[in-house]
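A short write-up of the structure that comes next.
Bear in mind that the values in this text are calculations on the coordinates, not laboratory data. Since this is a predicted model, take the numbers as computed values, not measurements. Neighbour counts are summed over all protein chains in view; Cβ atoms, including those assigned to glycine, are modelled from backbone coordinates with ideal geometry.
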């Protein structure tokens, strides 16, 4: 019973990633695509957590932290690039 | 005892799955980039926090292994999810993404106009 519910939730995550992929391909502006990529990162974190229950292993739990950090840093870098045209600024005014 | 633990785990994981599905529906249905960023930052963070809490409860109550990395991951996602959403909304506004037709007020436009006049 628990296994079945976990597999159903994995399927729903796959559907959700497919919807985000549709938004990445179609999205009218660059921030839309960045938001959808951020959501794919969140979905991957949830999928890894549930797969580690299904496979009964503790080896994948470090990957959750690493994926969280990578998703956050890439979102910040893309938004700085969209806003100013540079990721690391050299001027300090405003 | 195992039955109660299973009920807790399934309840939290189903709650998180429902919230992530709502996020996907919002990402495909909402009209402009700001409302889509609103959907993707808040409810996805709540959903993934709930799922990680369920996985933590599974490893703690059923396999007897207190895993502090999942708790660290929950705290990290709780801090960074809203920060990422805020940065993305600000970048979208300042790079000139159009608001939807149904928007009734836009308070930030006046502030940015005054600031640009002051700078020149």
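For the reader, a short list of remarks on this structure follows.
- Between B:70, B:51, B:13, the Gaussian network model of chain B with springs among Cα atoms under 10 angstrom shows the greatest mean-square fluctuation at B:70.
- Overall form of region B:1-118 per C-alpha gyration tensor (a/c, 1.5; a/b vs b/c): prolate
- Between helix B:2-29 and chain B: long-axis angle, C-alpha atoms, 0 to 90°, nearest 10: 20 degrees
- Mean-square fluctuations from a GNM of chain A, with a 10 angstrom spring cutoff on Cα atoms, peak among A:80, A:26, A:56 at A:56.
- Computed FRET value (nearest 0.05) for residue A:26 with residue B:75, which takes r as the C-beta separation and R₀ as 35 Å: 0.50
- Helix B:107-119 axis, angle to chain B major axis (alpha carbon atoms, nearest 10°): 50 degrees
- Against chain A, whose longest principal axis is taken from its Cα atoms, helix A:30-54 shows a tilt of about 30°.
- Summary of the geometry: region B:1-53 and region A:1-73, compared by the centres of their Cα atoms, lie 11 Å apart.
- Stretch gain in nm, segment residue B:25-residue B:108, where the contour uses 0.36 nm per residue and the Cα spacing is subtracted: 27.1 nm
- Computed lengthening from residue B:119 to residue B:60, 0.36 nm per intervening residue step minus Cα-Cα distance: 15.5 nm
- Efficiency of FRET from Cβ geometry, residue B:83 and residue A:10, R₀ 41 Å, rounded to 0.05: 0.90
- For chain B, the mean residue ellipticity at 222 nm estimated from helices alone is -27000 deg cm²/dmol, where every DSSP H run of n ≥ 4 contributes -39500 (n - 2.57) and the total is divided by all residues, rounded to the nearest 500.
- Percentage relative contact order, chain A, counting C-alpha pairs under 8 Å, at least six apart: 24 percent
- Shielding by other protein chains, B:96-108, mean Cβ within 10 Å: 1
- Simple spin-label estimate for residue A:57 and residue B:100 gives 4.3 nm between the two label positions (7 Å along the Cα-to-Cβ direction from each Cα).
- Residue-span extension gain [residue A:81 to residue A:66] - 0.36 nm each, minus C-alpha spacing: 3.1 nm
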